[in-house]
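K.L.:
Got a structure for you, written out below as structure tokens; questions coming shortly.
The values are calculated or read from the model by the stated rules, or taken from the named source; none is laboratory data. Everything numeric here is computed off the predicted structure, so don't read it as measured data. Here the Cβ positions follow ideal geometry from the backbone for every residue, glycine too, while neighbour counts run over all protein chains shown. Surface areas here come from the heavy atoms of the whole protein model, side chains and all, with no ligands, DNA or RNA. Shrake-Rupley method; radii C 1.70, N 1.55, O 1.52, S 1.80 Å.
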Amino acid sequence: QVQLVESGGGLVQPGGSLRLSCAASGSIFSITGMGWYRQAPGKERELVAVINSASDIMYADSVKGRFTISRDNAKNTLYLQMNSLKLEDTAVYYCNAKIQIRPWSGSGNYWGQGTQVTVSS
């Protein structure tokens with residue numbers, strides 16, 4: 001069984017910074033892509049940033065220039081550096097990964113439980 005565990009969320013002031021981490025563990029053959037999503041109360045879950053094994057990256061327009069996604073392939077760990085945080089960034093942040101658990105198998109989508117990020121003055 002594969003699991004993703006996020007950490008690093010918390011309460012910060014507007015303009016502050018946080019660094020989120022997501023560690024994947026379990027039966028993993030390969031990880032073809034990883035990303036961060038977020039969901040605010042009463043709103044739909046939205047893409048924040050994604051990165052593949054070649055380090056190709058895509059950001060949501062709302063976080064470009066402020067957030068940086070990265071990964072440590074050897075550790076199967078994903079990171080999100082969040083700077084210049086705004087009130088609108090308040091949400092539960094979820095880690096997502098496309099993972100093969102054995103050769104020639106299809107990739108499955110896996111999600112972490114989420115970590116709360118609250119930006120408040």
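K.L.:
Taking 25 Å as R0, compute the FRET efficiency from the Cβ-Cβ separation of S120 and I28 and round it to 0.05.
P.N.:
Working: r = 37 Å, r/R0 = 1.47.
Once the sixth-power term is evaluated, E becomes 0.10.
K.L.:
Let me ask something additional. Calculate how large, on average over all directions, the projected area of the Cα convex hull of the stretch 1-56 is; give the answer in nm² to one decimal.
P.N.:
Details: hull surface 22.1 nm².
Computed as one quarter of the Cα hull surface, the answer is 5.5 nm².
K.L.:
Convert each backbone phi in the stretch 111-120 into a coupling constant with the Karplus relation 6.51 cos²θ - 1.76 cosθ + 1.60 (shift: θ = phi - 60°), then list the ³J(HN,Hα) values in order as whole Hz, x for Gly and Pro.
P.N.:
Calculated HN-Hα couplings, in order: 10, x, 7, x, 9, 7, 10, 10, 10, 8 Hz.
K.L.:
What FRET efficiency do you get for K75 and S17 if R0 is 25 Å and r is their Cβ-Cβ distance, rounded to the nearest 0.05? Provide the component values of the computation, followed by the final result.
P.N.:
On the way: r = 22 Å, r/R0 = 0.87.
The calculated FRET efficiency here is 0.70.
K.L.:
Quick check: Cα centre of the stretch 75-121 to Cα centre of the stretch 1-56, how many Å?
P.N.:
Here the answer is 1 Å between Cα centres.
K.L.:
I've got another one for you. Would you tally the net charge around A91, using a Cβ to Cβ cut-off of less than 12 Å, leaving A91 out, and scoring K and R as +1, D and E as -1? All intermediate terms of the calculation are to be shown ahead of the outcome.
P.N.:
Working: positive: R38, K43, R45, K86; negative: E44, E46, E88, D89.
Taking every Cβ under 12 Å from that of A91, the sum is 0.
K.L.:
From the phi angles alone, apply the Karplus equation (6.51, -1.76, 1.60; θ = phi - 60°) to the stretch 38-45 and give each ³J(HN,Hα) in whole Hz, x where the residue is Gly or Pro.
P.N.:
9, 9, 8, x, x, 10, 6, 5
K.L.:
Using θ = phi - 60° and the Karplus curve 6.51 cos²θ - 1.76 cosθ + 1.60, what whole-Hz ³J(HN,Hα) does each residue of the stretch 59-76 get, with Gly and Pro shown as x?
P.N.:
10, 5, 4, 5, 10, 4, x, 10, 10, 9, 9, 8, 8, 10, 5, 5, 9, 6
K.L.:
Another one. Probe of 1.4 angstrom, ligands and nucleic acids ignored: what's the accessible area per residue over the stretch 1-114, in square angstrom? The partial results should precede the final answer.
P.N.:
Working: 6190 Å² over 114 residues.
Dividing the accessible area of the stretch 1-114 by its residue count gives 54 Å².
K.L.:
So, counting K/R as plus one and D/E as minus one, what does the shell of residues with Cβ under 15 Å around C22 add up to? The partial results should precede the final answer.
P.N.:
On the way: positive: R19, R38, R71, K75, K98; negative: E6, D72.
That sum, taken over residues with Cβ under 15 Å, equals +3.
K.L.:
Pull up all non-local amide H partners of G33: gap of 5 or more, or a different chain, and H-to-H distance under 5 Å with H placed in the peptide plane.
P.N.:
K98
K.L.:
In whole percent, how big is the carbon plus sulfur part of the accessible area of the chain, probe 1.4 Å, protein atoms only?
P.N.:
On the way: 3150 of 6520 Å².
Looking at the chain in its full context, I get 48 percent from C and S.
K.L.:
If you count, for each residue, the other Cβ atoms within 10 Å and average over each peptide, how do 50-57, 22-29, 103-110 line up from highest to lowest?
P.N.:
On the way: 50-57: 13.4, 22-29: 15.5, 103-110: 10.8.
Going from most to least packed, we get 22-29, 50-57, 103-110.
K.L.:
State the answer as a single residue: which of A40, A23, A54 lies farthest towards the positive end of the charge dipole of the stretch 23-65, with beta carbon charges of +1 for Lys and Arg and -1 for Asp and Glu, about the Cα centre.
P.N.:
My answer, from the dipole projection, is A40.
K.L.:
Follow-up question, since we're still on this one. So what is the orientation-averaged projected area of the chain, using the convex hull of its C-alpha atoms, in nm²? Kindly include the intermediate steps, with their values, before the conclusion.
P.N.:
Details: hull surface 29.2 nm².
Orientation-averaged projected area of the Cα hull: 7.3 nm².
K.L.:
D for the stretch 46-99, whole µm²/s, Stokes-Einstein with Kirkwood Rh over alpha-carbon pairs at 37 °C and 0.692 mPa s: what number? Walk me through the intermediate numbers first.
P.N.:
Values: Rh = 12.1 Å.
Once the numbers are plugged in, D ends up at 272 µm²/s.
K.L.:
Follow-up. Could you rank the peptides 70-78, 38-46 by their average count of other C-beta atoms within 10 Å per residue, with the highest value first? Walk me through the intermediate numbers first.
P.N.:
Details: 70-78: 15.9, 38-46: 11.7.
Descending mean neighbour count gives 70-78, 38-46.
K.L.:
Skipping prolines and chain starts, which residues have an amide H placed within reach, meaning under 5 Å, of the one on G16, given they are 5 or more residues away or on another chain?
P.N.:
L85
K.L.:
Another question, if that's okay. Could you give the nm distance between label points at S62 and W104, where each point is 7 Å from its Cα heading toward the beta carbon?
P.N.:
Once both label points are built, they end up 4.3 nm from each other.
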